[in-house]
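Student: Pasting in a structure now, in structure tokens, and then I'll have a few things to ask.
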Amino acid sequence: MFFVYWESQTLTRTELADDAQTFPILLWLQGGPGCASLFGALYELGPYSVNSSLELAPNPGAWNRRHGLLAIDNPVGSGFSIAGTDGVPENEMEMAADLYAALQGFFTKYPDLARRPLFITGESYAGKYVPSIGHFILDMEQHYGLNRRPSGLCHTRALPQRALALGPPVFCLAGLAIGNGLTDPFRQVTTHADTAFYMGLIDEQQRLEAMAQQLEIVQLIVDEDWKTAHERREELLEFISTSGGLATLLDMRRARDYDADQAVDRYLNLAEVKDALGVSKDLVFEGCSEHVGQVLGPDVMRSVAFLLPDLLANMPVLLYQGQFDVQDGPATSESWIDALDWPGAFKFPKAGHSKKGRQQVALLGTGDTTAP
């Protein structure tokens, strides 16, 4: 699996050496499925962006101003990560096993970085990647008897032998963050019609048509016809996008899609850039792999929300949304958060109405199961 690591722009070597546990490392996972994390790093949150002249320019919104930033093209087959004889993973457990192997390899190679807390972050379809790899790490810790967490796991999964052979985590997972994530498609798909309607993108008749499509998709999920459910959801999103005249559902303000000129792809396919990154000149970079998307297609509509109670009981979990995302914005997250069965479910909706409540919200998922 291909990775790029950027150290903090502001911290000195002495600071990092003397107090390593204070300065986290952020792992970035792009969505898709099949979109490369390196694309997001060069287009959204890395220290540099690619301009129209295919040159690097400083990014004022870089995530590595104080933290280390690790981007891994995930899953294999995405970006510069090469799918071996086992091919592209077909489900979240296979994806997590591959990514766990990559993390073990990275932090074994760089043991000084392994002392720093790791926060796993991602957006969109990484709303499934992030909980999946997070819980996978907890499973590995529990299997090897590591006493790192305040709570045991209510939901355990059979771990593949190839992951067990890698041993317990040599790094310390400190928390998770998901931006505009697809986590529980069963509930999230029911919000698309209302979201588009109340954003003024479709009229009442189109809303009714979208609602009818949503009901069909929900039934397909109930019937576990995963492939057809995914195909119908893609048709629903296309209906809303076309009806609303949008360039992309991911940001209704845009007149063009993300990186419509494919500057990142063109830059990363330059011979001198491949040489600098140490990848084969014959390897073609695609910001989003259609092949990976097809392989993981039948897995898209499966929920991973059942993993969240264990995660919330053991670490901080941040969910953040951009309000202009029609596809996976705030309403879709509210739909599955409200249905989540976890120790803070009763108090969480009431938090924020007072100073004490706002302080309690900040404790969400810190591992204290008595706190909301």
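The values are calculated or read from the model by the stated rules, or taken from the named source; none is laboratory data. Just so we're clear, the structure is a prediction, and the values are computed from it rather than from any experiment. Don't worry about glycine lacking a Cβ; one is built from the backbone with ideal geometry, like all the others, and counts go over all protein chains shown.
Student: Yes or no: the range 128-136 includes at least one residue that is touching a residue at least 24 places away in the same chain (Cβ under 8 Å), within 25 Å of GLY32 (Cα to Cα) and among the charged types (D, E, K, R). Please lay out each step first, then the result.
Tutor: Narrowing the range 128-136 to residues touching a residue at least 24 places away in the same chain (Cβ under 8 Å): 128-136.
Narrowing further to those that are within 25 Å of GLY32 (Cα to Cα): 128-136.
From what's left, among the charged types (D, E, K, R): 128.
Looking for residues that are touching a residue at least 24 places away in the same chain (Cβ under 8 Å), within 25 Å of GLY32 (Cα to Cα) and among the charged types (D, E, K, R), one finds at least one in the range 128-136, hence yes.
Yes/no matrix, rows are residues, columns are (1) over 21 Å from MET315 (Cα atoms); (2) out of contact with any Phe, Trp or Tyr (no Cβ under 6 Å at 6 or more places or on another chain); (3) part of a strand (DSSP E or B); (4) among the β-branched types (Val, Ile, Thr):
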| position | (1), (2), (3), (4) |
| --- | --- |
| MET93 | no, yes, no, no |
| ALA97 | no, yes, no, no |
| LEU118 | no, no, yes, no |
| GLY122 | no, no, yes, no |
| VAL130 | no, yes, no, yes |
| GLY145 | no, yes, no, no |
| CYS154 | no, yes, no, no |
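Student: Another question, if that's okay. Of the residues that make up the range 104-116, is at least one outside any loop (DSSP other than H, G, I, E, B), under 18 Å from ALA36 (Cβ atoms) and aliphatic (A, V, I, L, M)?
Tutor: Taking the range 104-116 as the starting set, the residues that turn out to be outside any loop (DSSP other than H, G, I, E, B) are 104-109, 111-114.
Now narrow it down to the ones that are under 18 Å from ALA36 (Cβ atoms): 106.
The next check asks that each one be aliphatic (A, V, I, L, M); those that pass are none.
No, the range 104-116 contains no residue that is outside any loop (DSSP other than H, G, I, E, B), under 18 Å from ALA36 (Cβ atoms) and aliphatic (A, V, I, L, M).
Student: For the subset of the range 12-59 comprising residues that are within 21 Å of ALA174 (Cα to Cα) and among the charged types (D, E, K, R), which member is surrounded by the fewest Cβ atoms within 10 Å (Cβ to Cβ)?
Tutor: That would be ASP18.
Student: Taking the range 325-364, which residues are under 18 Å from the mean Cα position of the chain (by Cα) and either at pLDDT below 85 or assigned to a loop (DSSP other than H, G, I, E, B) (or both)?
Tutor: Residues satisfying the conditions are ASP325, VAL326, GLN327, ASP328, GLY329.
Student: A follow-up question, please. From (1) surrounded by 21 or more Cβ atoms within 10 Å (Cβ to Cβ); (2) closer than 30 Å to LEU138 by Cα, pick out the condition that doesn't hold for VAL264.
Tutor: Result: VAL264 passes all but (2).
Student: Ok, one more. Among (1) out of contact with any Leu (no Cβ under 6 Å at 6 or more places or on another chain); (2) closer than 26 Å to ASP194 by Cα; (3) in contact (Cβ under 8 Å) with a residue 24 or more places away in the chain; (4) β-branched (Val, Ile, Thr), which single condition is ILE337 missing?
Tutor: (3)
Student: Go through (1) in contact with a Gly (Cβ under 8 Å, 6 or more places away or on another chain); (2) at pLDDT below 95; (3) of a type outside the set (Phe, Trp, Tyr) and name the single condition ILE120 misses.
Tutor: The single condition ILE120 does not satisfy is (2).
Student: Follow-up. Could we say that GLU286 is closer than 21 Å to LEU182 by Cα, in contact (Cβ under 8 Å) with a residue 12 or more places away in the chain and of a type in the set (D, E, K, R) here? Please lay out each step first, then the result.
Tutor: Details: closer than 21 Å to LEU182 by Cα: no; in contact (Cβ under 8 Å) with a residue 12 or more places away in the chain: yes; of a type in the set (D, E, K, R): yes.
In short, no.
Student: Here's something else I'd like to know. I need the full set of residues from the range 156-165 which are touching a helix residue (DSSP H, G or I) at 6+ places or on another chain (Cβ under 7 Å), farther than 20 Å from LEU312 by Cα and not hydrophobic (A, V, I, L, M, F, W, C), in order please.
Tutor: Of everything in the range 156-165, those that are touching a helix residue (DSSP H, G or I) at 6+ places or on another chain (Cβ under 7 Å), farther than 20 Å from LEU312 by Cα and not hydrophobic (A, V, I, L, M, F, W, C) turn out to be PRO160, ARG162.
Student: Please work out which residue is farthest from SER333 (Cα to Cα), limiting yourself to the range 166-193 and to residues that are surrounded by fewer than 19 Cβ atoms within 10 Å (Cβ to Cβ) and in contact with a helix residue (DSSP H, G or I) (Cβ under 7 Å, 6 or more places away or on another chain).
Tutor: LEU166
Student: Would you point out the residue of the range 84-104, among those that are without any contact (Cβ under 8 Å) to a residue 12 or more places away in the chain and not acidic (Asp, Glu), that is surrounded by the fewest Cβ atoms within 10 Å (Cβ to Cβ)?
Tutor: Filtering first and then ranking leaves THR85.
Student: Let me ask you something else. Restrict the check to the range 60-80 and report whether at least one residue is of a type in the set (Ser, Thr, Tyr), surrounded by fewer than 24 Cβ atoms within 10 Å (Cβ to Cβ) and either at pLDDT 95 or above or over 15 Å from the mean Cα position of the chain (by Cα) (or both). Walk me through how you get there before you give the answer.
Tutor: The first filter runs over the range 60-80 and keeps only residues of a type in the set (Ser, Thr, Tyr), leaving 78.
Adding the requirement that they be surrounded by fewer than 24 Cβ atoms within 10 Å (Cβ to Cβ) leaves none.
Scanning the range 60-80, I find no residue that is of a type in the set (Ser, Thr, Tyr), surrounded by fewer than 24 Cβ atoms within 10 Å (Cβ to Cβ) and either at pLDDT 95 or above or over 15 Å from the mean Cα position of the chain (by Cα) (or both), so the answer is no.
Student: Within the range 140-161, how many residues turn out to be modelled with pLDDT of 95 or more and either within 19 Å of the chain's Cα centre (by Cα) or among the charged types (D, E, K, R) (or both)?
Tutor: Going through the range 140-161 one residue at a time, the tally reaches 1.
Student: Can you name every one of the helices (runs of 4 or more DSSP H) wholly within the range 213-304 that holds 2 or more residues which are among the β-branched types (Val, Ile, Thr)?
Tutor: Those helices (runs of 4 or more DSSP H) span 226-244, 290-295.
Student: Give me the pairs, please: first residue somewhere in the range 217-233 and within 15 Å of ASP184 (Cβ to Cβ) and in contact (Cβ under 8 Å) with a residue 60 or more places away in the chain, second residue anywhere and outside any helix (DSSP H, G or I) and aliphatic (A, V, I, L, M), beta-carbon distance under 6 Å, and either six or more positions apart or on two chains.
Tutor: As it stands, the answer is ILE221/MET301; TRP226/MET301; ALA229/MET301; HIS230/VAL300; HIS230/MET301, since those pairs meet every condition given.
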